[in-house]
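**Q** Have a look at the structure that comes next, please.
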Amino acid sequence: MKILFIFPNANSQTGFQYGIAHISAVLKQAGHSVELLQLCEDIAPLPSENEFANMLKKADPDIIGFSVVTNQWLYAEKLASWAHKATDVPIVCGGIHALAAGEDVLNSGVFDYIIRGEAENAFLDFVTTLENQGDVSQLRNLGMVKNGKLLINPMRQLPDLKKLPFKDYEIFDFQKIIDAKNGWVGLMGSRGCPFSCTYCFNHSMVKQYRKDLNCSFKQLNYIRRFDVADIIKEIKFLINNYRNIKMFIFDDDIFTFYKDHVIEFCREYKKICSLPFTVNGHVGVFDEEMAAHLVNANCRIVKFGVESGSPRIRKMILNRHMKNESIINAIQTAKKAGLHTSVFLMIGLPDETMDDVYDTVNIMGKSRPGRFRWTFFFPFPGTKALEISKKLTGINNEKMKKMENFTEESCLDFGKEHNLFLKKIGRVMPWFVNAASNFDVSDYYREKVEEILKMEADEWDKESKNMLETDKTISKKFVNQKLSHYAIKYNPFMGVISDFFTKEE
């Protein structure tokens with residue numbers, strides 16, 4: 001059979017879909033034909049309905065499979081409705097949104113089936129059963145409407161990563177992805193996370209699998225790793241087959257969770273590659289020994305998920321049980337070893353006060369990471385954070401449905417005053433962090449922050465449009481004076497220390 005995958009990736013960062021790459025490899029291994037449409041402006045202009053219909057006609061698939069994340073749902077829904085007009089073949093929805101909001105996907109009426117969870121084996125069974133004209137309704141991981149009623153079947157055991165064939169890069173225009181991402185290439189050496197943060201879908205996924213399989217977390221074997229030898233093989237393949245790779249970035253939830261695995265990888269990586277790489281760490285499992293091995297293998301950046309500097313918010317809202325001292329120590333340990341540190345932050349969290357936001361600002365000012373990236377909190381379907389948000393803070397449901405990203409505004413409603421405060425800090429957070437630091441320029445930024453905080457909504461709406469250019473002008477002046485500060489660099493929601501970006505440039 002011929003399967004056409006559709007990967008909606010519009011108005012967001014250009015992505016490589018690991019799940020599609022693995023599923024495609026499994027399907028091809030079984031003798032099926034696979035094609036991919038990645039709909040992203042950085043790869044090609046987004047199609048009109050007529051152009052999309054012509055793409056489907058040219059591909060002539062037997063099955064169409066979508067991989068959908070929540071912020072792409074509206075676009076995926078529109079594409080699926082176009083597909084239904086253009087073809088009679090089964091249309092399937094997979095990806096995290098199919099597990100998080102499976103009933104909503106089926107009730108939309110534009111998808112014939114959903115495949116939930118990690119779908120390498122499940123989707124192959126689905127394709128094989130359809131090819132043999134069998135009954136798919138009993139297949140695990142599958143959902144459909146049968147006799148006018150929703151049918152959502154239980155999950156099957158998670159795939160054994162070590163039995164999966166090599167990822168299929170051929171169906172992607174991978175060179176264009178590399179170029180669009182300025183030479184940064186994603187890798188994933190593991191799946192799963194041991195933590196249960198309320199805002200992440202991991203806890204819901206684990207709960208569903210454990211319920212359906214009637215097993216413990218340990219029996220589920222949720223945290224799985226590829227062999228280091230297989231990761232090294234993939235890196236060699238990428239280097240030998242693609243151009244302009246400048247940085248490998250590991251998208252594992254926590255790359256540093258198993259120290260022995262990290263040490264083995266670092267030892268093998270430096271034998272075959274001198275390119276820098278980036279990893280996700282955790283402040284609770286990061287020490288001097290690990291930092292030394294990473295640096296020795298040419299790891300350039302280690303990223304930590306801090307999310308909030310408020311211990312109350314981390315504990316009560318996010319289920320993140322870490323101390324401020326641990327956050328600061330991890331950042332300082334990485335910096336001391338020579339690693340550039342990157343911190344993930346969120347603002348606009350449920351029940352968050354102005355003091356909580358300033359706690360986040362202040363811990364950045366005190367720890368002074370190499371960079372920090374902030375977004376507005378978003379209550380994803382299927383997460384505990386959504387229920388917490390409904391209980392503690394109002395949600396603008398219409399805004400929530402339409403949001404394609406979480407970098408410009410919040411869908412939570414804190415009231416007029418706090419909403420305006422969040423807009424201000426969400427626009428120029430580096431100014432607030434500079435003001436909270438002990439830089440030579442901190443007094444200057446304190447004055448700028450005071451000016452911003454005094455602005456009424458109309459004045460702010462007018463001034464905010466020019467803030468990115470204003471930040472560039474101020475930063476250029478301080479760079480010329482060799483004065484350290486954070487500036488907005490690389491994208492509108494990242495603050496980077498000038499000591500780093502002046503060397504890079």
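**Q** Determine whether ILE20 is under 16 Å from LYS78 (Cβ atoms) and in contact with a Ser or Thr (Cβ under 8 Å, 6 or more places away or on another chain).
**A** no
**Q** Here's a follow-up. Would you please list the contacts, defined by Cβ atoms under 9 Å and residues six or more apart or on different chains, that run from a residue in the stretch 389-416 that is farther than 17 Å from GLU77 by Cβ and open to solvent by less than 40 Å² (accessible area, probe 1.4 Å) to a residue that is hydroxyl-bearing (Ser, Thr, Tyr) and assigned to a loop (DSSP other than H, G, I, E, B)?
**A** Hits for this filter: LEU412/THR393.
**Q** Looking at the stretch 9-17, can you tell me whether even one residue there is among the aromatic types (Phe, Trp, Tyr) and open to solvent by less than 10 Å² (accessible area, probe 1.4 Å)?
**A** no
**Q** Quick check on PHE501: is it aromatic (Phe, Trp, Tyr), at pLDDT below 95 and assigned to a helix (DSSP H, G or I)?
**A** So PHE501 passes the test.
**Q** Quick test of your reading of the structure: ILE313 fulfils all but one of (1) of a type in the set (Val, Ile, Thr); (2) open to solvent by less than 10 Å² (accessible area, probe 1.4 Å); (3) within 17 Å of THR407 (Cα to Cα). Name the failing condition by number.
**A** (3)
**Q** List every residue pair whose Cβ atoms sit under 6 Å apart, with the two residues 6 or more apart in sequence or on different chains, where the first one lies in the stretch 155-183 and is basic (Lys, Arg) and the second, anywhere, is open to solvent by 40 Å² or more (accessible area, probe 1.4 Å) and modelled with pLDDT of 95 or more.
**A** These pairs meet every condition: ARG156/ARG140.
**Q** Within the stretch 55-98, track down each residue that is without any contact (Cβ under 8 Å) to a residue 24 or more places away in the chain and either assigned to a helix (DSSP H, G or I) or among the hydroxyl-bearing types (Ser, Thr, Tyr) (or both).
**A** Hits for the stretch 55-98 are MET55, LYS58, LYS78.
**Q** When you look at ILE43, is it part of a strand (DSSP E or B) and open to solvent by less than 50 Å² (accessible area, probe 1.4 Å), yes or no?
**A** Spelling it out, it is not the case that ILE43 is part of a strand (DSSP E or B) and open to solvent by less than 50 Å² (accessible area, probe 1.4 Å).
**Q** For the stretch 448-505, enumerate the residues that are open to solvent by 40 Å² or more (accessible area, probe 1.4 Å) and among the aromatic types (Phe, Trp, Tyr).
**A** Listed by number, the list holds a single entry, TYR490.
**Q** Is it the case that some residue within the stretch 211-228 is out of contact with any Asp or Glu (no Cβ under 8 Å at 6 or more places or on another chain), open to solvent by less than 20 Å² (accessible area, probe 1.4 Å), over 23 Å from ALA100 (Cβ atoms) and without any contact (Cβ under 8 Å) to a residue 60 or more places away in the chain?
**A** So far as the stretch 211-228 goes, no, none of its residues is out of contact with any Asp or Glu (no Cβ under 8 Å at 6 or more places or on another chain), open to solvent by less than 20 Å² (accessible area, probe 1.4 Å), over 23 Å from ALA100 (Cβ atoms) and without any contact (Cβ under 8 Å) to a residue 60 or more places away in the chain.
For (1) of a type in the set (Lys, Arg); (2) surrounded by fewer than 21 Cβ atoms within 10 Å (Cβ to Cβ); (3) over 26 Å from PHE501 (Cβ atoms); (4) free of Cβ contacts under 8 Å to residues at least 24 places away in the same chain, each residue gets a yes or a no:
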position	(1), (2), (3), (4)
PHE237	no, yes, yes, no
ASN240	no, yes, yes, yes
TYR258	no, yes, yes, no
ILE263	no, yes, yes, no
ASN296	no, yes, no, no
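**Q** I'm checking my understanding of the structure. Among residues of the stretch 316-343 that are touching a Cys at 6+ places or on another chain (Cβ under 9 Å) and more than 24 Å from VAL496 (Cα to Cα), which one is surrounded by the fewest Cβ atoms within 10 Å (Cβ to Cβ)?
**A** ASN319
**Q** Looking only at residues that are of a type in the set (Gly, Ala, Ser), open to solvent by 20 Å² or more (accessible area, probe 1.4 Å) and closer than 18 Å to ASN9 by Cα in the stretch 80-98, which one is modelled with the lowest pLDDT?
**A** Per the stated criteria, the residue is GLY95.
**Q** For the stretch 65-95, which residues satisfy the criterion of being among the hydrophobic types (A, V, I, L, M, F, W, C) and more than 19 Å from ARG140 (Cα to Cα)?
**A** Correct list: VAL68, VAL69, TRP73, LEU74, ALA76, LEU79, ALA80, TRP82, ALA83, ALA86, VAL89.
**Q** Being within 31 Å of the chain's Cα centre (by Cα) and either over 18 Å from GLY365 (Cα atoms) or not hydrophobic (A, V, I, L, M, F, W, C) (or both) narrows it down to one of ASP461, ASP440, so name that one.
**A** Selected residue: ASP461, the only one of ASP461, ASP440 that is within 31 Å of the chain's Cα centre (by Cα) and either over 18 Å from GLY365 (Cα atoms) or not hydrophobic (A, V, I, L, M, F, W, C) (or both).
**Q** Can you pull out the residues in the stretch 140-151 that are open to solvent by 30 Å² or more (accessible area, probe 1.4 Å) and either closer than 30 Å to ARG225 by Cβ or of a type in the set (Phe, Trp, Tyr) (or both)?
**A** The answer is ARG140, and nothing else.
**Q** Another question, then. Filter the stretch 176-189 down to residues that are touching a Phe, Trp or Tyr at 6+ places or on another chain (Cβ under 7 Å) and farther than 13 Å from PHE237 by Cα and give me whichever is surrounded by the fewest Cβ atoms within 10 Å (Cβ to Cβ).
**A** GLY186
**Q** If you don't mind, there's one more thing I want to ask. Being assigned to a loop (DSSP other than H, G, I, E, B) and in contact with a strand residue (DSSP E or B) (Cβ under 6 Å, 6 or more places away or on another chain) is the filter; apply it to the stretch 99-125 and report the residue that is most open to solvent (accessible area, probe 1.4 Å).
**A** ASP112
**Q** Another question, then. Please go through the stretch 79-94 and pick out each residue that is closer than 18 Å to ASN107 by Cα and of a type in the set (S, T, N, Q).
**A** SER81
**Q** Name the residues in the stretch 269-292 that are in a loop (DSSP other than H, G, I, E, B) and open to solvent by less than 30 Å² (accessible area, probe 1.4 Å), would you?
**A** CYS273, PRO276, HIS282, VAL283, PHE286
**Q** Kindly indicate whether MET346 is open to solvent by 10 Å² or more (accessible area, probe 1.4 Å) and either among the polar types (S, T, N, Q) or outside any loop (DSSP other than H, G, I, E, B) (or both).
**A** Judged against the criteria, MET346 is a match.
The values are calculated or read from the model by the stated rules, or taken from the named source; none is laboratory data. Since the structure is predicted, the reported quantities are computational estimates derived from the model, not experimental observations. FYI the Cβ positions are ideal-geometry reconstructions off the backbone, even for glycines, and counts take in every protein chain you see. These area figures cover heavy atoms from the full protein model, side chains too; ligands, DNA and RNA do not enter into them. Shrake-Rupley method; radii C 1.70, N 1.55, O 1.52, S 1.80 Å.
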